[in-house]
Amino acid sequence: MKMFKIIMVSAIALFSTSCQSKNKDQKPQVDKVAYNDQDLKEYETAYFASGCFWCVEAVFESVKGVKEVISGYAGGTELNPTYEQVAMGQTSHAEAVEVYYDPKVVSYETLVKVFFGSQDPTTLNRQGPDRGAQYRSIAFYKNDGEKKIIVDYIAKLTKDKVYNNPIVTEVSPFTKFYIAEDYHQDYERKHPNNPYIQGVSVPRLKRFQKKFPELLKTDAH
């Protein structure tokens, strides 16, 4: 009985700091974030998935040359997925981000470097405490040029033996990105005291920033 209680307490603690529990104190909103195309049309876009989009959004927003990062869903076939559906593994989508960047300041190659350097690409359907295909690692490409950059970088990481285990990141053609509910946008910045943010997002962001200080904006927190 004592062992059972220990297991239950551990499970509860894990769930309380996982991405699937992040909306328990939030009331889902129907409205989506409205972004002015006029403000962003001059920027290029890139799409990535590597676990909870709160974490991924915060990482890319700290990079020089990145104008905006939007959290959403991609990589699946279902139309208009909701957070509840994706988080519970009821769709084939993954939590993903849409990165708007200035190619004159930061290259796509660098964004791929940021993507792989801010996660563990060897864990299948998992990133940190978040488990399930909705948290899998995916690098989306829009053309053959982007695909080559991704594939070549994976080959380099493998050749250099950067990781002890094989890279399991999916390299997939980009099809459709669905913007997540409004309350998910800029969550790390707006809710610094959230347990998941403090226990998972911020440590992941700090590890990335320590690893690549030369890529950071001067005002990155």
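The values are calculated or read from the model by the stated rules, or taken from the named source; none is laboratory data. Because the structure is a prediction, the values reported are computed rather than measured. Ideal geometry is used to build each Cβ from the backbone, glycine not excepted, and the neighbour counts take in all protein chains shown. Note: accessible area is taken over every heavy atom of the protein model, side chains too, but ligands, DNA and RNA are not part of it. Shrake-Rupley method; radii C 1.70, N 1.55, O 1.52, S 1.80 Å.
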Residues satisfying the stated conditions in the range 121-147, i.e. outside any helix (DSSP H, G or I) and aromatic (Phe, Trp, Tyr): Phe140, Tyr141
Residue that is most open to solvent (accessible area, probe 1.4 Å), among those in the range 201-221 that are modelled with pLDDT under 95 and in contact with a helix residue (DSSP H, G or I) (Cβ under 8 Å, 6 or more places away or on another chain): His221
Restricting the range 170-200 to residues that are open to solvent by 60 Å² or more (accessible area, probe 1.4 Å) and polar (S, T, N, Q), the residue that is nearest to Glu78 (Cα to Cα): Thr175
The range 136-154, subset of a type in the set (D, E, K, R) and free of Cβ contacts under 8 Å to residues at least 12 places away in the same chain, residue farthest from Phe116 (Cα to Cα): Asp144
Some residue of the range 183-190 being assigned to a helix (DSSP H, G or I), more than 18 Å from the chain's Cα centre (by Cα) and either within 21 Å of His93 (Cβ to Cβ) or at pLDDT 95 or above (or both): no
Matching entry among Asn143, Asn125 (being open to solvent by 40 Å² or more (accessible area, probe 1.4 Å), at positive phi and at pLDDT 95 or above): Asn125
Qualifying residue in the range 78-87 (condition: buried (at least 23 other Cβ atoms within 10 Å of the Cβ) and closer than 23 Å to Glu214 by Cα): no
Which listed residue is within 21 Å of Gly76 (Cβ to Cβ) and not hydrophobic (A, V, I, L, M, F, W, C), from Lys147, Lys156, Lys113: Lys147
Residues of the range 101-120 that turn out to be free of Cβ contacts under 8 Å to residues at least 60 places away in the same chain, more than 10 Å from Lys64 (Cα to Cα) and outside any loop (DSSP other than H, G, I, E, B), as a count: 3
